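Below is one structure, written out as C-alpha coordinates, with a few remarks after it.
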Amino acid sequence: MKKINFNNKLFKIFSWVIFFMYLLLLIKVIILKYPIKAIIEAIEQTNIENFKRRILYSNFIPMKTIFYYLISEDNIKISKLNIGANIIAFIPLGFILPFLIERLKKLSKIFIIAFIISLIFELIQLITGIGVFDVDDLILNVLGAILGFGIYNMIKSLIIRKLN
(Lines give C-alpha, C1' and ligand atoms only; values in the text may rest on other atoms or scores of the structure.)
Protein backbone atom coordinates (compact mmCIF):
# COMPACT_ATOMS: atom_id res chain seq x y z
CA MET A 1 0.00 0.00 0.00
CA LYS A 2 1.29 3.43 -0.94
CA LYS A 3 2.04 5.74 2.00
CA ILE A 4 -0.05 8.91 2.20
CA ASN A 5 2.17 11.97 2.42
CA PHE A 6 0.32 14.72 4.32
CA ASN A 7 3.29 17.05 3.77
CA ASN A 8 2.89 16.83 0.00
CA LYS A 9 2.73 20.35 -1.46
CA LEU A 10 -0.40 19.62 -3.53
CA PHE A 11 -2.15 18.16 -0.47
CA LYS A 12 -1.23 21.26 1.58
CA ILE A 13 -2.51 23.66 -1.10
CA PHE A 14 -5.73 21.68 -1.43
CA SER A 15 -6.16 21.66 2.37
CA TRP A 16 -5.64 25.45 2.61
CA VAL A 17 -8.17 26.04 -0.18
CA ILE A 18 -10.70 23.83 1.62
CA PHE A 19 -9.98 25.64 4.90
CA PHE A 20 -10.52 29.11 3.39
CA MET A 21 -13.72 27.94 1.69
CA TYR A 22 -14.86 26.62 5.06
CA LEU A 23 -14.10 29.98 6.75
CA LEU A 24 -16.07 31.81 4.05
CA LEU A 25 -18.97 29.42 4.60
CA LEU A 26 -18.81 30.08 8.36
CA ILE A 27 -18.92 33.83 7.73
CA LYS A 28 -21.90 33.37 5.41
CA VAL A 29 -23.79 31.16 7.88
CA ILE A 30 -23.03 33.12 11.05
CA ILE A 31 -22.58 36.76 10.02
CA LEU A 32 -24.18 37.10 6.60
CA LYS A 33 -27.21 34.87 7.22
CA TYR A 34 -29.66 37.71 6.71
CA PRO A 35 -30.43 39.54 3.46
CA ILE A 36 -27.82 42.19 2.66
CA LYS A 37 -30.39 44.98 3.07
CA ALA A 38 -31.12 43.86 6.65
CA ILE A 39 -27.39 43.64 7.41
CA ILE A 40 -26.78 47.16 6.13
CA GLU A 41 -29.74 48.49 8.14
CA ALA A 42 -28.46 46.79 11.31
CA ILE A 43 -25.01 48.28 10.84
CA GLU A 44 -26.42 51.74 10.07
CA GLN A 45 -28.49 51.58 13.26
CA THR A 46 -25.46 50.80 15.41
CA ASN A 47 -25.28 53.39 18.17
CA ILE A 48 -24.81 53.34 21.92
CA GLU A 49 -28.53 52.96 22.69
CA ASN A 50 -28.96 50.03 20.32
CA PHE A 51 -25.74 48.51 21.67
CA LYS A 52 -27.11 48.73 25.23
CA ARG A 53 -30.34 47.07 24.05
CA ARG A 54 -28.38 44.29 22.35
CA ILE A 55 -26.47 43.67 25.58
CA LEU A 56 -29.77 43.26 27.41
CA TYR A 57 -30.95 40.67 24.86
CA SER A 58 -27.64 38.80 24.89
CA ASN A 59 -26.97 35.69 26.92
CA PHE A 60 -23.88 35.88 29.13
CA ILE A 61 -24.90 33.01 31.42
CA PRO A 62 -23.22 29.72 30.42
CA MET A 63 -25.63 26.85 29.66
CA LYS A 64 -28.75 29.05 29.99
CA THR A 65 -29.83 28.70 26.36
CA ILE A 66 -28.66 25.10 26.11
CA PHE A 67 -30.69 24.07 29.19
CA TYR A 68 -33.68 26.01 27.88
CA TYR A 69 -33.46 24.16 24.57
CA LEU A 70 -33.05 20.80 26.30
CA ILE A 71 -36.02 21.16 28.65
CA SER A 72 -38.32 23.23 26.45
CA GLU A 73 -41.23 21.44 24.86
CA ASP A 74 -41.75 24.36 22.48
CA ASN A 75 -40.06 24.09 19.11
CA ILE A 76 -38.09 20.93 19.91
CA LYS A 77 -37.03 20.74 16.27
CA ILE A 78 -35.62 24.30 16.32
CA SER A 79 -33.89 23.63 19.65
CA LYS A 80 -32.15 20.51 18.36
CA LEU A 81 -31.26 22.27 15.12
CA ASN A 82 -29.70 25.22 16.97
CA ILE A 83 -27.62 23.02 19.28
CA GLY A 84 -26.60 20.65 16.47
CA ALA A 85 -25.78 23.38 13.97
CA ASN A 86 -23.50 25.20 16.42
CA ILE A 87 -21.60 21.99 17.10
CA ILE A 88 -21.46 20.79 13.48
CA ALA A 89 -20.37 24.20 12.17
CA PHE A 90 -17.06 23.99 14.04
CA ILE A 91 -16.20 20.30 13.57
CA PRO A 92 -14.23 21.06 10.38
CA LEU A 93 -12.12 23.61 12.26
CA GLY A 94 -10.86 20.99 14.70
CA PHE A 95 -10.41 18.48 11.90
CA ILE A 96 -8.64 20.56 9.23
CA LEU A 97 -6.28 22.74 11.30
CA PRO A 98 -4.05 19.87 12.54
CA PHE A 99 -3.48 18.84 8.92
CA LEU A 100 -2.48 22.37 7.98
CA ILE A 101 -0.27 23.48 10.85
CA GLU A 102 2.04 21.11 12.70
CA ARG A 103 1.88 23.14 15.96
CA LEU A 104 -1.91 22.69 16.10
CA LYS A 105 -1.88 18.97 16.78
CA LYS A 106 -2.73 19.56 20.45
CA LEU A 107 -6.21 19.78 21.90
CA SER A 108 -5.35 22.88 23.93
CA LYS A 109 -4.37 24.81 20.78
CA ILE A 110 -7.52 23.77 18.91
CA PHE A 111 -9.55 24.79 21.96
CA ILE A 112 -7.95 28.26 22.04
CA ILE A 113 -8.32 28.88 18.30
CA ALA A 114 -11.94 27.69 18.26
CA PHE A 115 -12.69 29.88 21.27
CA ILE A 116 -11.10 32.96 19.66
CA ILE A 117 -12.81 32.48 16.28
CA SER A 118 -16.18 31.83 17.89
CA LEU A 119 -15.74 34.82 20.23
CA ILE A 120 -14.96 37.04 17.23
CA PHE A 121 -18.18 35.93 15.53
CA GLU A 122 -20.22 36.50 18.69
CA LEU A 123 -18.69 39.96 19.26
CA ILE A 124 -19.38 40.95 15.65
CA GLN A 125 -23.01 39.96 16.21
CA LEU A 126 -23.14 41.93 19.47
CA ILE A 127 -21.52 45.07 18.06
CA THR A 128 -23.32 45.17 14.70
CA GLY A 129 -26.70 43.73 15.66
CA ILE A 130 -26.38 41.06 12.98
CA GLY A 131 -27.49 38.23 15.19
CA VAL A 132 -27.48 37.92 18.98
CA PHE A 133 -24.55 37.29 21.31
CA ASP A 134 -24.94 33.99 23.16
CA VAL A 135 -22.17 32.52 25.31
CA ASP A 136 -23.74 29.10 24.73
CA ASP A 137 -22.97 29.39 21.02
CA LEU A 138 -19.36 29.84 22.07
CA ILE A 139 -19.53 26.68 24.20
CA LEU A 140 -21.17 24.64 21.44
CA ASN A 141 -18.77 25.91 18.78
CA VAL A 142 -15.74 24.96 20.88
CA LEU A 143 -17.32 21.56 21.57
CA GLY A 144 -17.67 21.10 17.81
CA ALA A 145 -14.00 21.91 17.23
CA ILE A 146 -13.02 19.44 19.97
CA LEU A 147 -15.13 16.75 18.28
CA GLY A 148 -13.44 17.60 14.98
CA PHE A 149 -10.05 17.20 16.63
CA GLY A 150 -11.18 13.83 17.98
CA ILE A 151 -12.19 12.77 14.45
CA TYR A 152 -8.79 13.94 13.17
CA ASN A 153 -7.04 11.78 15.78
CA MET A 154 -9.22 8.75 15.01
CA ILE A 155 -8.53 9.01 11.27
CA LYS A 156 -4.82 9.56 11.91
CA SER A 157 -4.72 6.46 14.11
CA LEU A 158 -6.54 4.38 11.50
CA ILE A 159 -4.14 5.50 8.78
CA ILE A 160 -1.09 4.80 10.92
CA ARG A 161 -2.42 1.35 11.84
CA LYS A 162 -3.19 0.57 8.21
CA LEU A 163 0.31 1.61 7.09
CA ASN A 164 2.07 -0.50 9.74
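The values are calculated or read from the model by the stated rules, or taken from the named source; none is laboratory data. Bear in mind the structure is a predicted one, so any value in this text is a computation, not a measurement. So basically every Cβ, Gly included, is an ideal-geometry build from the backbone, and we count neighbours across all protein chains shown. Note: accessible area is taken over every heavy atom of the protein model, side chains too, but ligands, DNA and RNA are not part of it. Shrake-Rupley method; radii C 1.70, N 1.55, O 1.52, S 1.80 Å.
Here are a few things to note about the model shown:
- Ligands, DNA and RNA left out, the accessible area of the chain computed with a 1.4 Å probe is 72% carbon and sulfur.
- Centroid-to-centroid, using Cα positions, the stretch 47-85 and the stretch 97-164 are 21 Å apart.
- Two-site FRET efficiency, residue 41 against residue 102, from Cβ-Cβ distance with R₀ of 41 Å, rounded to 0.05: 0.40
- Summed side-chain charge close to residue 61 - residues other than residue 61 whose Cβ falls under 12 Å, Lys, Arg +1, Asp, Glu -1: -1
- Whole-number percent relative contact order across the chain, with pairs defined as alpha carbons under 8 Å at least 6 apart: 33 percent
- Under 18 Å from the Cα of residue 162 - lysines, other chains or at least 8 residues apart: 2, 3
- Amide H partners (placed H, <5 Å) of residue 134, local residues excluded: 59
- Per residue, the stretch 14-164 exposes an accessible area of 63 Å² to a 1.4 Å probe, with every protein chain left in place.
- Rounded to the nearest 0.05, the FRET efficiency derived from the C-beta distance between residue 88 and residue 48 at R0 = 41 Å is 0.70.
- Secondary-structure-derived ellipticity at 222 nm for the chain, considering helices only, amounts to -26000 deg cm²/dmol, per-run term -39500 (n - 2.57) for DSSP H runs with n ≥ 4.
- The simple Förster model, with R0 at 30 Å and r as the Cβ-Cβ distance, assigns residue 156 and residue 21 a FRET efficiency of 0.85.
- Loop-located GluC sites (Glu not before Pro) in the stretch 42-126 (DSSP state other than H, G, I, E, B) with a sparse environment of at most 14 neighbouring Cβ atoms within 10 Å: 73.
- Under the span-like rule (Cα at least 20 Å along the axis, Kyte-Doolittle mean at least -0.5), DSSP H helices of the chain: 9-30, 76-100, 107-128, 135-163
- With DNA, RNA and ligands ignored, accessible area of residue 20 (1.4 Å probe; Å², nearest 10): 110 Å²
- log10 of Debye I(q)/I(0), alpha-carbon scatterers only, for the chain at 0.15, 0.17 Å⁻¹: -0.90, -1.07
- Taking all protein chains as shown and a probe of 1.4 angstrom, residue 53 keeps an accessible surface of around 120 Å².
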